[in-house]
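Here the structure is laid out as structure tokens; the discussion comes afterwards.
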Amino acid sequence: MRTLEEIISEHKPEILLQVEELKDKNGETTEEVIIKSNLMTESNTLDILSEFYEIPKLESIAENEIDFELVKQLPISFTKKFRLIPISKQNGCLKIAFAPPLDLYALDEVEALFGCSLDTYITHSHVIVNSINRIYEQGKEVTGEIEGDTGISETELQEPKDLIDTDDEAPIIRFVNSLLFQATKEKASDIHIECFEKEVAVRYRKDGILHNVTNVPKKLQSSIISRVKIMAELDIAEKRKPQDGRLRLKVAGRDVDVRISTVPTSWGESVVMRLLDRSSVILSFEELGLTGQKLKTLESLIKRPHGIVLVTGPTGSGKTTSLYAALQRINAPDKKIITIEDPVEYQIQGINQIQVNNKVNLSFANGLRSVLRQDPDVILVGEIRDRETADISIHASLTGHLVFSTLHTNDSASAITRLIDMDIEPFLVSSSLLSIIAQRLVRILCKHCKESYVPADEELRRIGIKRENIPTETLYRPKGCSECVDTGFSGRIAIFEILLMDDEIRNLTLSTADSSTLKKKAVERGLVTLRMDGADKILKGITSIDEVLRVTEEESIEVEAGVS
């Protein structure tokens with residue numbers, strides 16, 4: 001068997017001297033040097049090591065090649081630690097890929113576990129890691145393996161360790177991190193830990209709906225809450241007042257920010273952990289549910305040189321996601337875009353994003369004043385919470401900036417009266433606002449199990465759909481199957497109400513008309529309300545009548561669906 005130096009000398013003689021120098025300098029082996037350094041390309045390194053080990057190489061591993069039943073027999077932490085993964089088993093021989101350096105002990109362990117000979121292949125380290133992460137995404141791992149994993153709390157300046165790489169044995173740590181692991185895998189937005197008289201309840205919020213996960217004995221209450229507080233660097237001794245914190249985790253290669261809130265209740269502290277996946281892809285307008293004339297209207301609004309576009313709705317209605325989609329649409333080298341957020345939920349290349357920090361008095365209002373001195377073209381203010389922020393935003397729009405922001409109101413017309421209630425002069429509201437967009441998120445019917453039915457007259461009356469507008473005389477409703485965990489729904493889509501500030505709406509604003517008068521006038525002038533947009537998605541088989549009724553308030557104005 002030839003030495004590694006001899007093979008390098010044959011294929012890449014020009015780097016041999018550098019390899020020797022790095023070996024002496026770092027006290028590493030030749031193999032460690034060529035793996036860690038950038039002296040050769042990944043492909044060349046793999047070729048040389050393949051020849052050295054006399055093992056064939058694999059440049060990649062396709063997902064359909066991997067037998068998940070084999071992978072489930074190994075702890076995920078073991079496969080990541082030793083950078084190996086079983087692929088398939090045929091004729092009593094296990095095909096396995098590993099990344100150098102080779103650990104003979106690990107291969108012996110695998111051979112003993114499966115009780116068969118190994119057909120080994122060498123590949124890149126990132127190929128192994130990506131394959132393991134894909135298995136995680138598919139949800140094929142054994143749930144019990146979570147119990148061998150723990151998470152760690154890291155500061156913002158540190159790279160967090162992957163949750164599935166750790167192997168701490170403390171039961172409370174295992175439990176808390178299994179909650180985080182499972183919630184991230186199931187794409188839950190929040191984890192609720194609630195203390196009651198005789199037990200502690202744990203619930204996940206998925207697609208906007210809370211689901212029970214487990215109940216924990218009361219005696220573990222203090223330990224669980226203390227563990228969460230330690231991870232978020234909160235005061236574990238303070239149990240009488242609310243606390244807020246955050247931590248950053250990595251779960252199967254995905255960066256996850258966790259915002260933590262604790263409040264005292266009658267039977268202990270209630271903890272809510274909001275999960276923000278930093279690797280989430282920013283959705284487009286089309287993926288959010290905008291189509292037809294609404295899409296054209298919004299695209300024209302975000303290309304205006306100045307003015308304010310407000311997005312309204314309750315917490316969790318997708319306001320920030322819609323604003324990010326707008327920024328992504330207009331993001332270009334010729335535009336300076338600055339955001340002030342609490343927190344920064346998605347990282348966008350080419351956009352300056354500022355995190356609100358009350359500890360140093362960096363509020364929305366104070367940050368906005370500084371942003372205006374940065375010569376921006378477009379500004380995103382995470383939320384207008386007070387008169388000061390509203391006032392600065394309006395004056396920014398009047399001095400040549402396009403401003404996006406959010407406001408907590410039930411519909412589009414209410415945003416106008418809300419601003420006036422903040423003591424903003426009606427003429428400023430009238431002259432600065434371009435549009436107000438109200439939105440809600442409705443769950444999408446599971447495509448695997450949704451069932452058609454003929455709706456009753458009462459259902460159609462409640463939603464405002466006329467029977468003659470139903471193309472096939474049938475609508476769809478949820479049923480439930482294994483694909484959607486028996487919920488009948490999978491994913492969510494937004495419904496929108498876009499109120500444009502035309503001359504008549506501006507005049508009503510100047511006369512401080514109430515929100516119902518504004519809403520009625522807007523409908524007369526063609527406003528498609530939330531209920532109408534929801535009815536349109538019902539007719540298209542996207543969602544159900546009950547789902548739209550759940551997220552939209554009663555609208556007294558007669559609705560005719562089928563037009564958007």
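The values are calculated or read from the model by the stated rules, or taken from the named source; none is laboratory data. Remember, it's a predicted structure, so these values are computed and weren't measured experimentally. Every residue, glycine among them, receives a Cβ derived from its backbone with ideal geometry; neighbour counts consider all protein chains shown. Keep in mind that these areas ignore ligands, DNA and RNA; they rest on the heavy atoms of the full protein, side chains included. Shrake-Rupley method; radii C 1.70, N 1.55, O 1.52, S 1.80 Å.
Considering only Cα-Cα distances, which of the following residue pairs are longer than 32 Å: Lys466/Lys520; Lys12/Lys250; Lys185/Lys447; Lys80/Lys206?
On the way: Lys466/Lys520 21 Å; Lys12/Lys250 37 Å; Lys185/Lys447 21 Å; Lys80/Lys206 29 Å.
Beyond 32 Å: Lys12/Lys250.
Which of the aspartates and glutamates could be linked to Lys218 by a straight reach, that is with a Cα gap under 18 Å, when you skip same-chain ones fewer than 8 residues away?
Glu194, Glu197, Glu199, Glu269
Where nothing but the Cβ of Lys and Arg (+1) and of Asp and Glu (-1) is charged, how large is the charge dipole of the chain around its Cα centre, in debye to the nearest 20? Intermediate values should be presented prior to the final figure.
Working: 70 positive and 91 negative charges, 387 e Å.
The dipole magnitude comes to about 1860 debye.
Defining a contact as two alpha carbons under 8 Å apart and six or more residues distant in sequence, what relative contact order in percent does the chain show? Before the final figure, lay out the partial values.
On the way: 1005 pairs, mean separation 47.7, N = 564.
Reported as a whole number, the value is 8 percent.
Name the helices (complete DSSP H segments) of the chain with a Cα length along the long axis of 18 Å or more and a Kyte-Doolittle mean of at least -0.5, or state none.
Numbers: long enough: 125-138 (20 Å, -0.19); 171-185 (21 Å, 0.65).
What comes out of the filter, once short or polar helices are dropped, is 125-138, 171-185.
Please report, in debye to the nearest 20, how large the charge dipole of the stretch 372-489 is about its Cα centre when each Lys and Arg carries +1 at its beta carbon and each Asp and Glu carries -1 there. Intermediate results must be reported in sequence, preceding the final value.
Details: 14 positive and 18 negative charges, 105 e Å.
With Lys and Arg at +1 and Asp and Glu at -1, about 500 debye.
To make sure I understand the rule: partners must be lysines, Cα under 16 Å from the Cα of Lys241, and not fewer than 8 residues away in the same chain. Which ones qualify?
Lys229
Could you sort the peptides 118-127, 206-215 by per-residue average Cβ neighbour count (10 Å cutoff), highest mean leading?
Sorting 118-127, 206-215 by mean packing, highest first, produces 118-127, 206-215.
Which listed residue (Ser50, Gly27, Leu4) has the Cα farthest towards the positive end of the charge dipole for the stretch 1-65, taking +1 on Lys and Arg C-beta and -1 on Asp and Glu C-beta about the Cα centre?
Of Ser50, Gly27, Leu4, it is Gly27.
Please give the peptides 172-180, 479-487 ranked by average Cβ packing (other Cβ atoms within 10 Å per residue), highest first, as a rough proxy for protection. It would help to have the intermediate numbers written out before the result.
Values: 172-180: 21.2, 479-487: 14.7.
Ranking the peptides 172-180, 479-487 by packing returns 172-180, 479-487.
What percent do you get for the relative contact order of the stretch 462-525 when only Cα pairs under 8 Å and 6+ apart count?
RCO, the stretch 462-525: 15 percent.
Listed highest first by mean packing, meaning other Cβ atoms within 10 Å per residue, what order do 88-100, 326-338 come in? Don't jump to the answer; show the numbers that get you there.
On the way: 88-100: 16.8, 326-338: 15.2.
The peptides rank, most packed first, as 88-100, 326-338.
Would you mind working out the accessible area per residue for the chain, using a 1.4 Å probe, and quoting it in Å²?
Working: 26800 Å² over 564 residues.
Per residue, the chain has 48 Å² of solvent-accessible surface.
Can you tell me which lysines have their Cα less than 20 Å from the Cα of Lys521? Leave out same-chain residues fewer than eight positions away.
Of all the lysines, those that pass the test against Lys521 - Cα under 20 Å, at least 8 places apart if same chain - are Lys294.
Roughly speaking, to the nearest percent, how much of the stretch 199-240's 1.4 Å accessible area is carbon and sulfur? If you can, show how the numbers build up before the last one.
Working: 1040 of 2270 Å².
Answer for the stretch 199-240: carbon and sulfur cover 46 percent of the accessible area.
If eta is 1.567 mPa s and T is 4 °C, what Stokes-Einstein diffusion coefficient results for the stretch 408-500, Kirkwood Rh from Cα pairs, in µm²/s? Don't skip to the end; give the middle numbers.
Working: Rh = 16.6 Å.
The calculation lands on 78 µm²/s.
Give the separation of the Cα centroids, the stretch 413-432 to the stretch 176-254, in Å.
The two parts, judged by their Cα centres, are 40 Å apart.
How long are the semi-axes of the equivalent ellipsoid of the chain, defined as square roots of 5 times the Cα gyration tensor eigenvalues? Whole Å, largest first. Could you put the intermediate results ahead of the total?
On the way: eigenvalues 504, 172, 134 Å².
After scaling each eigenvalue by five and taking roots: 50, 29, 26 Å.
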